[in-house]
Amino acid sequence: GQLSLNVNAQAISRDRLDRAFADPNNAASVTSVRGVEGQSGRLTAEAEWKRTFTTDGGLLLTPLLALRGDAGYVNASSGSLNAI
């Protein structure tokens, strides 16, 4: 059989709000937020097992078992978006 495992993680920490300001000469422009003050993270794990069996007639059968798990967290400053 064949067993594979894949794990991926991301962590972001910002000490201040990151935003792009609107153009005062253009009423249609909007302030955009590129990052919120605080911490966030994500973890993804995947596991897969498979094995190929050959029958007496030459037919190949490959059963597989796959599992995936995701977890994430956000700890943002409660007042960071209110200041916009």
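The values are calculated or read from the model by the stated rules, or taken from the named source; none is laboratory data. From a predicted model like this one, the values you see are computed outputs, not experimental measurements. We place every Cβ from the backbone using ideal geometry, glycine too, and count neighbours over all the protein chains shown.
Annotations for the structure displayed:
- Qualifying residue in the stretch 27-39 (condition: at pLDDT 80 or above, of a type in the set (Gly, Ala, Ser) and within 18 Å of Val7 (Cβ to Cβ)): no
- Tally, over the stretch 42-84, of residues that are closer than 20 Å to Val7 by Cα and modelled with pLDDT under 95: 2
- The stretch 31-55 residues that are over 22 Å from Arg68 (Cβ atoms) and assigned to a strand (DSSP E or B), paired with ones that are modelled with pLDDT of 95 or more and of a type in the set (Val, Ile, Thr) (beta carbon under 9 Å, 6 or more apart): Phe53/Thr62
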